[in-house]
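The values are calculated or read from the model by the stated rules, or taken from the named source; none is laboratory data. Predicted, not measured: the structure shown is a model, and the values here were computed from it. Positions of Cβ are generated from backbone atoms using ideal geometry, with glycine treated the same way; all protein chains shown enter the neighbour counts. Quick note on the areas: whole protein, heavy atoms, side chains included, nothing else; ligands and nucleic acids left out. Shrake-Rupley method; radii C 1.70, N 1.55, O 1.52, S 1.80 Å.
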Amino acid sequence: MKTKFKKLNSCLTVLLCAGTLLAGLASCANDAGGSDYIADNGGDHYFGINGGTSGGATGGSGTGGTATSPNSSSTPTGRIGTKASPNAVGDIVFSDGSATAYNDASFDFAAHQSDAVAVMFDAASKKGIGLARYKNKWSTKSIAAIDLYVLSTTDGSGNYTILYNKATTSTGSGFPISPEDMATVYPVMYWAHTYSVPGYTSGWYLPARDELELILQNVTELNQALGKVTSFTIGNTDYWSSSFRYGNNYGIYYGNPGDNPIITFTWITASELYYGIPVHVFN
C-alpha cells in the first residue's frame with residue numbers, strides 16, 4: 001500500500017513541476033517589458049526592440065512596442081518614408097519608392113540621407129530630380145550636323161534614344177559616331193541617361209525644356225527639400241535641357257532660376273559648360 005502512495009506522490013510531483021514550467025513560459029511570452037524579436041509580415045522581416053508580445057504572422061504591434069523595419073523611423077509597414085509613394089512637390093523619395101514630405105517635422109531625415117534618391121517637382125506626372133548635378137558641354141560636335149529638331153520640348157524621357165539613333169546613323173559632317181562616343185560627344189545627356197542610385201538604376205534622363213522650366217519655377221521648395229538630405233541645391237546658375245530650338249536662331253534650350261525669362265537657348269553652339277540634372281518618373 002505504501003508503495004502505491006509513493007508512486008502516486010511521484011506522479012503528482014512531476015505534474016506540479018510541468019505545470020510550473022508551463023506557467024513560467026506563459027509568463028515570459030506575455031511579459032509587457034518584452035525582449036528582442038523577429039516579426040514576420042507577409043514575407044518581410046522587421047526587427048523589433050522590446051516589442052513585448054509579437055503580433056504573430058501579421059507582424060503587428062506587441063504589448064510593449066512596435067515591430068519596425070531597420071530603415072523605418074516611424075511606421076510598422078516596412079517602408080522607409082511615411083507615404084507609400086510621393087504625391088506632392090517637395091516630397092523626398094527613398095530607395096524603396098516610399099516618400100516623406102520635406103516639411104514633416106516628425107521624420108528623422110538625417111538618419112535616412114543615404115536612403116534618399118530624389119525630390120519631386122511635378123506631382124501630377126510623378127516626376128522628381130536626382131540628388132546630383134553634372135557640369136559639362138551639351139555637345140562637342142556641331143549641333144547643326146544632325147536633325148535635332150525632333151527632340152521633344154515637353155517630355156525628355158525619349159530624347160536620349162532619339163539623339164543616339166540620329167548620332168550613330170547620320171551622314172552629316174563628323175557623323176556617324178560610334179555608340180561608345182556618346183559619352184564624350186554628348187556628355188551631359190549621357191551622364192543623365194546612365195545615372196543610377198539604389199532602387200532606381202535606370203530610367204533617368206535630362207529634362208526637356210518644359211520639364212526644366214517647372215523644376216526652376218519650384219526652386220524654393222526643391223531647395224528646402226534638398227537641404228534635408230544632401231548638400232546639393234539648385235543655385236542661380238545655368239542648367240541644360242535635352243531640347244533643341246529649331247529655326248533661324250537655333251540652339252539648345254537651357255535655364256537659370258535667376259533669369260527672366262527662366263528659359264532661353266544657346267545660339268548655334270552648345271559648347272558652354274552648364275549643369276545637367278537627372279529626372280525620373282516615379283510611378
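A few notes on this one:
- Exclusive hit being hydroxyl-bearing (Ser, Thr, Tyr) and farther than 26 Å from ASP147 by Cα, set THR184, THR169, THR194, THR230: THR230
- Matching residues in the range 166-195 - criterion: being of a type in the set (Ser, Thr, Tyr), under 19 Å from LEU273 (Cβ atoms) and open to solvent by 20 Å² or more (accessible area, probe 1.4 Å): THR184, TYR190, TYR195
- Here the range 244-257 is the region considered, the condition is being open to solvent by less than 50 Å² (accessible area, probe 1.4 Å) and part of a loop (DSSP other than H, G, I, E, B), and the residue that is farthest from TYR186 (Cα to Cα) is PRO257.
- Criterion (part of a loop (DSSP other than H, G, I, E, B), more than 24 Å from the chain's Cα centre (by Cα) and on the phi < 0 side of the Ramachandran plot) met by exactly one of ASN283, ASN260: ASN260
- Restricting the range 267-283 to residues that are closer than 16 Å to ASP210 by Cα and β-branched (Val, Ile, Thr), the residue that is most open to solvent (accessible area, probe 1.4 Å) is VAL281.
- Leading residue by the ranking (surrounded by the fewest Cβ atoms within 10 Å (Cβ to Cβ)) among those in the range 148-165 that are of a type in the set (Gly, Ala, Ser) and in contact with a helix residue (DSSP H, G or I) (Cβ under 8 Å, 6 or more places away or on another chain): SER152
- ASP108 being acidic (Asp, Glu), open to solvent by less than 40 Å² (accessible area, probe 1.4 Å), closer than 23 Å to VAL89 by Cα and part of a loop (DSSP other than H, G, I, E, B): no
- So ALA132, is it without any contact (Cβ under 8 Å) to a residue 24 or more places away in the chain, within 30 Å of THR233 (Cα to Cα), within 31 Å of the chain's Cα centre (by Cα) and not in a helix (DSSP H, G or I): no
- Every residue from the range 121-147 that is among the hydroxyl-bearing types (Ser, Thr, Tyr) and either modelled with pLDDT of 90 or more or open to solvent by less than 30 Å² (accessible area, probe 1.4 Å) (or both): SER125, TYR134, SER139, THR140
One line per residue, one yes/no per condition, for (1) at pLDDT 95 or above; (2) in a loop (DSSP other than H, G, I, E, B):
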residue	(1), (2)
SER152	yes, yes
GLY172	no, yes
THR184	yes, no
TYR190	yes, no
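- In the range 201-216, residue most open to solvent (accessible area, probe 1.4 Å) [restricted to those that are part of a loop (DSSP other than H, G, I, E, B) and not hydroxyl-bearing (Ser, Thr, Tyr)]: GLY203
- GLY255 vs. criteria farther than 30 Å from HIS112 by Cα, touching a Phe, Trp or Tyr at 6+ places or on another chain (Cβ under 6 Å) and at pLDDT 95 or above: yes
- Residues that are in a loop (DSSP other than H, G, I, E, B), under 26 Å from THR266 (Cα atoms) and open to solvent by 10 Å² or more (accessible area, probe 1.4 Å) within the range 217-243 comprise ASN218, PHE232, THR233, GLY235, ASN236, THR237, ASP238, listed in sequence order.
- Neighbours by Cβ (under 7 Å, 6+ apart or cross-chain): first from the range 180-200, in contact (Cβ under 8 Å) with a residue 12 or more places away in the chain; second of a type in the set (Asp, Glu): GLY199/ASP96
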